[in-house]
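Below: the structure, in C-alpha coordinates.
The values are calculated or read from the model by the stated rules, or taken from the named source; none is laboratory data. Computed from a predicted structure; not experimentally measured. FYI the Cβ positions are ideal-geometry reconstructions off the backbone, even for glycines, and counts take in every protein chain you see.
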Amino acid sequence: MIRHIINIILLFIFIFAGLLASCSDDTKLPALSKDATILAFGDSLTYGTGTSSNNAYPAALQRLLQRTVINAGIPGEISSKGLARLPALIEKYQPALIIICHGGNDILRKLNLSETSDNIQRMIDLAKSNNSAVILIGVPQFGLFFNSAAFYEELAEKNNIPISNDILGDIISNNSLKSDRIHPNSQGYQLLAEDISSLLQRHGAIPGR
(Lines give C-alpha, C1' and ligand atoms only; values in the text may rest on other atoms or scores of the structure.)
Protein backbone atom coordinates (compact mmCIF):
# COMPACT_ATOMS: atom_id res chain seq x y z
CA MET A 1 0.00 0.00 0.00
CA ILE A 2 2.78 2.41 0.96
CA ARG A 3 4.65 1.57 -2.23
CA HIS A 4 1.50 2.28 -4.26
CA ILE A 5 1.12 5.69 -2.61
CA ILE A 6 4.77 6.49 -3.26
CA ASN A 7 4.36 5.55 -6.94
CA ILE A 8 1.35 7.85 -7.23
CA ILE A 9 3.27 10.72 -5.62
CA LEU A 10 6.21 10.16 -7.98
CA LEU A 11 3.84 10.14 -10.95
CA PHE A 12 2.42 13.52 -9.94
CA ILE A 13 5.94 14.90 -9.48
CA PHE A 14 6.92 13.80 -13.00
CA ILE A 15 3.73 15.24 -14.47
CA PHE A 16 4.24 18.56 -12.65
CA ALA A 17 7.87 18.74 -13.78
CA GLY A 18 6.79 18.07 -17.35
CA LEU A 19 4.20 20.83 -17.16
CA LEU A 20 6.82 23.29 -15.92
CA ALA A 21 9.17 22.33 -18.73
CA SER A 22 6.45 22.67 -21.36
CA CYS A 23 5.52 26.11 -20.03
CA SER A 24 9.14 27.18 -20.38
CA ASP A 25 9.36 25.72 -23.87
CA ASP A 26 6.16 27.52 -24.88
CA THR A 27 7.72 30.96 -24.37
CA LYS A 28 7.77 32.64 -27.77
CA LEU A 29 10.29 35.21 -28.92
CA PRO A 30 9.73 37.71 -31.74
CA ALA A 31 11.25 36.58 -35.02
CA LEU A 32 14.63 38.19 -35.65
CA SER A 33 14.85 39.90 -39.02
CA LYS A 34 17.97 39.46 -41.12
CA ASP A 35 19.13 42.97 -40.19
CA ALA A 36 18.42 42.53 -36.46
CA THR A 37 21.16 43.37 -33.97
CA ILE A 38 21.79 41.01 -31.06
CA LEU A 39 23.62 42.26 -27.97
CA ALA A 40 25.66 39.59 -26.18
CA PHE A 41 26.06 41.13 -22.73
CA GLY A 42 28.24 39.81 -19.95
CA ASP A 43 31.72 39.36 -18.54
CA SER A 44 34.70 37.21 -19.55
CA LEU A 45 32.46 34.34 -20.64
CA THR A 46 30.99 36.67 -23.26
CA TYR A 47 34.25 38.45 -24.05
CA GLY A 48 35.84 35.10 -24.85
CA THR A 49 38.66 34.76 -22.34
CA GLY A 50 40.58 31.63 -23.28
CA THR A 51 40.25 32.01 -27.04
CA SER A 52 40.54 34.61 -29.81
CA SER A 53 37.85 37.23 -30.44
CA ASN A 54 36.92 35.38 -33.63
CA ASN A 55 36.16 32.24 -31.62
CA ALA A 56 34.31 33.84 -28.70
CA TYR A 57 30.69 32.76 -28.54
CA PRO A 58 29.25 36.02 -29.98
CA ALA A 59 31.39 35.67 -33.13
CA ALA A 60 30.49 31.99 -33.44
CA LEU A 61 26.80 32.82 -32.95
CA GLN A 62 26.97 35.53 -35.61
CA ARG A 63 28.25 32.96 -38.09
CA LEU A 64 25.50 30.52 -37.15
CA LEU A 65 22.64 33.03 -37.28
CA GLN A 66 23.90 35.26 -40.11
CA ARG A 67 22.86 38.24 -38.01
CA THR A 68 24.92 40.93 -36.30
CA VAL A 69 25.98 39.94 -32.79
CA ILE A 70 27.73 42.60 -30.69
CA ASN A 71 30.26 41.30 -28.18
CA ALA A 72 29.65 43.43 -25.07
CA GLY A 73 31.61 41.34 -22.59
CA ILE A 74 34.06 42.82 -20.08
CA PRO A 75 36.32 40.43 -18.14
CA GLY A 76 36.11 40.70 -14.37
CA GLU A 77 32.94 42.80 -14.36
CA ILE A 78 30.48 42.30 -11.50
CA SER A 79 26.75 42.63 -12.04
CA SER A 80 26.40 46.09 -10.46
CA LYS A 81 28.96 47.48 -12.92
CA GLY A 82 27.23 45.69 -15.77
CA LEU A 83 23.90 47.20 -14.80
CA ALA A 84 25.43 50.67 -14.93
CA ARG A 85 26.95 49.95 -18.35
CA LEU A 86 23.90 48.46 -20.06
CA PRO A 87 21.74 51.56 -20.75
CA ALA A 88 24.34 53.20 -23.00
CA LEU A 89 24.74 49.98 -25.00
CA ILE A 90 20.99 49.67 -25.48
CA GLU A 91 20.79 53.28 -26.63
CA LYS A 92 23.72 52.82 -29.04
CA TYR A 93 22.74 49.52 -30.67
CA GLN A 94 18.94 49.33 -30.19
CA PRO A 95 19.17 45.52 -30.07
CA ALA A 96 16.25 43.32 -31.02
CA LEU A 97 17.57 40.69 -28.61
CA ILE A 98 19.82 40.85 -25.54
CA ILE A 99 21.60 37.73 -24.31
CA ILE A 100 22.41 38.18 -20.62
CA CYS A 101 25.23 36.02 -19.28
CA HIS A 102 26.28 37.83 -16.13
CA GLY A 103 26.91 37.24 -12.45
CA GLY A 104 29.84 34.84 -12.66
CA ASN A 105 32.24 37.23 -10.96
CA ASP A 106 29.71 37.87 -8.21
CA ILE A 107 29.65 34.11 -7.61
CA LEU A 108 33.44 33.82 -7.64
CA ARG A 109 33.83 36.73 -5.22
CA LYS A 110 31.09 35.34 -2.97
CA LEU A 111 29.04 38.52 -3.20
CA ASN A 112 25.45 38.67 -1.99
CA LEU A 113 23.59 36.71 -4.66
CA SER A 114 20.25 38.28 -3.80
CA GLU A 115 21.80 41.56 -4.94
CA THR A 116 23.15 39.83 -8.05
CA SER A 117 19.66 38.57 -8.81
CA ASP A 118 18.24 42.07 -8.32
CA ASN A 119 20.86 43.53 -10.67
CA ILE A 120 20.08 41.00 -13.39
CA GLN A 121 16.36 41.62 -12.91
CA ARG A 122 17.01 45.31 -13.53
CA MET A 123 18.97 44.39 -16.67
CA ILE A 124 15.93 42.44 -17.86
CA ASP A 125 13.69 45.42 -17.06
CA LEU A 126 15.97 47.74 -19.05
CA ALA A 127 15.84 45.42 -22.03
CA LYS A 128 12.07 45.07 -21.93
CA SER A 129 11.59 48.83 -21.57
CA ASN A 130 13.43 49.12 -24.90
CA ASN A 131 11.24 46.39 -26.45
CA SER A 132 14.27 44.10 -26.70
CA ALA A 133 13.67 40.38 -26.29
CA VAL A 134 15.80 38.68 -23.63
CA ILE A 135 17.31 35.27 -23.02
CA LEU A 136 19.35 34.23 -19.98
CA ILE A 137 22.44 32.05 -19.75
CA GLY A 138 22.82 30.45 -16.32
CA VAL A 139 26.30 30.61 -14.82
CA PRO A 140 27.45 27.64 -12.73
CA GLN A 141 28.44 27.73 -9.12
CA PHE A 142 31.79 26.02 -8.96
CA GLY A 143 31.21 22.94 -6.83
CA LEU A 144 30.83 19.22 -7.26
CA PHE A 145 28.11 19.34 -9.93
CA PHE A 146 28.62 22.76 -11.59
CA ASN A 147 24.90 23.56 -11.30
CA SER A 148 23.80 27.07 -12.21
CA ALA A 149 22.92 29.37 -9.35
CA ALA A 150 19.24 28.93 -8.52
CA PHE A 151 18.31 32.57 -9.13
CA TYR A 152 18.79 32.25 -12.91
CA GLU A 153 15.94 29.77 -13.26
CA GLU A 154 13.84 31.84 -10.86
CA LEU A 155 14.39 34.97 -12.96
CA ALA A 156 13.54 33.12 -16.17
CA GLU A 157 10.28 31.83 -14.71
CA LYS A 158 9.36 35.17 -13.14
CA ASN A 159 9.91 37.06 -16.40
CA ASN A 160 8.72 34.32 -18.76
CA ILE A 161 11.94 34.37 -20.76
CA PRO A 162 13.95 31.48 -22.24
CA ILE A 163 17.03 30.26 -20.42
CA SER A 164 19.96 28.01 -21.20
CA ASN A 165 20.68 26.79 -17.70
CA ASP A 166 22.97 23.79 -18.15
CA ILE A 167 25.31 24.37 -21.08
CA LEU A 168 28.00 26.33 -19.23
CA GLY A 169 28.08 23.79 -16.42
CA ASP A 170 28.40 20.98 -18.98
CA ILE A 171 31.29 22.78 -20.67
CA ILE A 172 33.17 23.78 -17.52
CA SER A 173 32.90 20.25 -16.10
CA ASN A 174 34.65 18.86 -19.21
CA ASN A 175 38.41 19.44 -19.24
CA SER A 176 38.58 19.03 -23.03
CA LEU A 177 36.22 22.01 -23.48
CA LYS A 178 37.88 24.59 -21.23
CA SER A 179 41.01 26.72 -21.34
CA ASP A 180 41.36 27.11 -17.57
CA ARG A 181 39.34 26.38 -14.44
CA ILE A 182 36.42 28.64 -15.35
CA HIS A 183 36.62 29.53 -19.06
CA PRO A 184 35.78 27.52 -22.17
CA ASN A 185 38.22 27.02 -25.01
CA SER A 186 37.35 27.57 -28.68
CA GLN A 187 35.44 24.29 -28.87
CA GLY A 188 33.55 25.10 -25.68
CA TYR A 189 32.53 28.54 -26.92
CA GLN A 190 31.38 26.98 -30.19
CA LEU A 191 29.15 24.58 -28.24
CA LEU A 192 27.76 27.52 -26.25
CA ALA A 193 26.93 29.36 -29.48
CA GLU A 194 25.26 26.25 -30.91
CA ASP A 195 23.19 25.84 -27.75
CA ILE A 196 22.02 29.46 -27.93
CA SER A 197 21.19 29.06 -31.61
CA SER A 198 19.12 25.98 -30.80
CA LEU A 199 17.35 27.84 -27.99
CA LEU A 200 16.46 30.68 -30.37
CA GLN A 201 15.10 28.19 -32.89
CA ARG A 202 12.96 26.41 -30.29
CA HIS A 203 11.43 29.70 -29.19
CA GLY A 204 10.70 31.03 -32.66
CA ALA A 205 13.33 33.77 -32.96
CA ILE A 206 14.93 32.18 -36.00
CA PRO A 207 13.69 29.51 -38.43
CA GLY A 208 14.60 25.91 -37.69
CA ARG A 209 17.25 24.36 -39.87
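A few comments on the model shown:
- Between 98, 90, the distinction of being among the hydrophobic types (A, V, I, L, M, F, W, C), within 16 Å of the chain's Cα centre (by Cα) and modelled with pLDDT of 95 or more belongs to 98 only.
- Top-ranked residue of segment 53-95 - restricted to ones that are farther than 28 Å from residue 207 by Cβ and among the small types (Gly, Ala, Ser), ranked as surrounded by the fewest Cβ atoms within 10 Å (Cβ to Cβ): 88
- Residues (part of a helix (DSSP H, G or I), touching a helix residue (DSSP H, G or I) at 6+ places or on another chain (Cβ under 9 Å) and within 15 Å of residue 133 (Cβ to Cβ)) located in segment 87-115: 90
- Where a residue in segment 51-64 is farther than 12 Å from residue 197 by Cβ and its partner, wherever it lies, is part of a helix (DSSP H, G or I) and of a type in the set (S, T, N, Q), with Cβ under 6 Å and at least six apart: 51/186; 55/186
- Residue list for segment 136-182, filter: in contact (Cβ under 8 Å) with a residue 60 or more places away in the chain and either assigned to a helix (DSSP H, G or I) or surrounded by 17 or more Cβ atoms within 10 Å (Cβ to Cβ) (or both): 137, 139, 156, 157, 161, 162, 163, 168, 178, 182
- In the condition set (1) on the phi < 0 side of the Ramachandran plot; (2) touching a strand residue (DSSP E or B) at 6+ places or on another chain (Cβ under 8 Å), residue 146 is compliant with all but (1).
- Residues being small (Gly, Ala, Ser) and more than 24 Å from residue 201 (Cα to Cα) - total across segment 150-179: 4
- Segment 95-119 residues that are closer than 17 Å to residue 81 by Cβ, paired with ones that are charged (D, E, K, R) (beta carbon under 6 Å, 6 or more apart): 104/43; 105/43; 116/106
- A residue that is touching a helix residue (DSSP H, G or I) at 6+ places or on another chain (Cβ under 8 Å) and assigned to a loop (DSSP other than H, G, I, E, B) cannot be found anywhere in segment 186-201.
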